[in-house]
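Everything below concerns the one structure shown next.
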């Protein structure tokens, strides 16, 4: 039987550990970003500019035409390594690999959030093959379970947080129970302790990804979304998650932004969906009164990095923001 990463001394580093690159996929789909693809592109330009001098950008584009378009928009593309490949959408955190240390990576199966009966999500299924087709270097491991990167967060020292709503959902791995899923994480990510939160945000199509709820900011500290309004749909579920986290970690509350889509539906917005780069932390903002308060709290968590707000009011129309569209590649 082949050895698993844990037996070989591999682990998933924390996001604040040193990166060699960050992976992104350029937005283009009007279904994901209805009447706002150009606005989504503008957000990507801000993100890539904010990463200048921090880490290399590995960017997926569909073809040479799209590559030229990106270069025209970005102006200075010296920090970008382009990869021409067919892909459906931008959610590279979810269909991309989990990069471990020492040039190794875990390829999960991506089943479009278990919603392949829906025509829109069926299109996303082809993204399961993207990274196999890229021919990445390094040692690859495949535990052959359905899992998205946004469903987990680690502190790099043996702890992992996730939600029951997502990973115990029968649309992911119906034949696996909690203990079996924990065993996979221990074997393939090198973790020791798994903390299970309950629910994710209201209207989150991912069935409760943890990267909209709680994130590690140090080995013993977690920031957690906290809805103060007792009549808000997210209040009770976030309070329950806060209490669970307090049993094991120091917890810092982050206020919640509030936004509705044009049709009046509550958007699953959260400041927790930030990306920790080598020299910066990119935080989604929503034109909300709590934007600056959240930026100030996150800045205190990362005093050696520059915290940069990225207007994500158009990105969220696809169902996610900064963390969802990024995937870090460690340099350790």
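The values are calculated or read from the model by the stated rules, or taken from the named source; none is laboratory data. Values in this document were obtained by computation on a predicted structure and should not be read as measured data. All Cβ positions, even for glycine, are placed from backbone atoms using ideal geometry, and neighbour counts span all protein chains on display.
Given 268, 284, 257, which one is in contact with a helix residue (DSSP H, G or I) (Cβ under 8 Å, 6 or more places away or on another chain), modelled with pLDDT of 95 or more and part of a strand (DSSP E or B)? Just a single option satisfies the conditions, and that option is 284. Residue check: residue 296 meets all listed conditions (1) in contact (Cβ under 8 Å) with a residue 60 or more places away in the chain; (2) surrounded by fewer than 21 Cβ atoms within 10 Å (Cβ to Cβ) but one, namely (1). Using the structure shown, decide if residue 198 is over 15 Å from the mean Cα position of the chain (by Cα), at pLDDT 95 or above, over 30 Å from residue 3 (Cβ atoms) and surrounded by fewer than 23 Cβ atoms within 10 Å (Cβ to Cβ). Against the criterion (over 15 Å from the mean Cα position of the chain (by Cα), at pLDDT 95 or above, over 30 Å from residue 3 (Cβ atoms) and surrounded by fewer than 23 Cβ atoms within 10 Å (Cβ to Cβ)), residue 198 qualifies. Within region 110-133, restricting attention to residues that are in contact with a helix residue (DSSP H, G or I) (Cβ under 6 Å, 6 or more places away or on another chain) and not in a helix (DSSP H, G or I), the residue that is modelled with the lowest pLDDT is 116.
Look at residue 225 and say whether it is touching a strand residue (DSSP E or B) at 6+ places or on another chain (Cβ under 9 Å) and crowded, with 24+ Cβ neighbours inside 10 Å. Taking the combined requirement at face value, the residue satisfies it. Across region 90-109, the qualifying residues are those that are farther than 23 Å from residue 16 by Cβ and touching a strand residue (DSSP E or B) at 6+ places or on another chain (Cβ under 7 Å), and the one among them that is surrounded by the most Cβ atoms within 10 Å (Cβ to Cβ) is 90.
Residues are listed down the side, and each one gets a yes or a no for (1) touching a residue at least 12 places away in the same chain (Cβ under 8 Å); (2) more than 19 Å from residue 138 (Cα to Cα); (3) outside any loop (DSSP other than H, G, I, E, B):
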site: 3; (1), (2), (3): no, no, no
site: 21; (1), (2), (3): yes, no, yes
site: 29; (1), (2), (3): yes, yes, no
site: 43; (1), (2), (3): yes, yes, yes
site: 48; (1), (2), (3): yes, yes, yes
site: 52; (1), (2), (3): yes, yes, no
site: 71; (1), (2), (3): no, yes, yes
site: 78; (1), (2), (3): no, yes, no
site: 101; (1), (2), (3): yes, no, no
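Out of the residues in region 208-240 that are under 14 Å from the mean Cα position of the chain (by Cα) and either part of a loop (DSSP other than H, G, I, E, B) or without any contact (Cβ under 8 Å) to a residue 60 or more places away in the chain (or both), state the one that is farthest from residue 322 (Cα to Cα). Of everything passing the filter in region 208-240, 208 is farthest from residue 322 (Cα to Cα). None of 136, 168 is more than 19 Å from residue 216 (Cβ to Cβ) and at pLDDT below 95 except 136.
Apart from one condition, residue 147 fits all of (1) touching a strand residue (DSSP E or B) at 6+ places or on another chain (Cβ under 6 Å); (2) at pLDDT 95 or above; (3) crowded, with 16+ Cβ neighbours inside 10 Å; the exception is (1).
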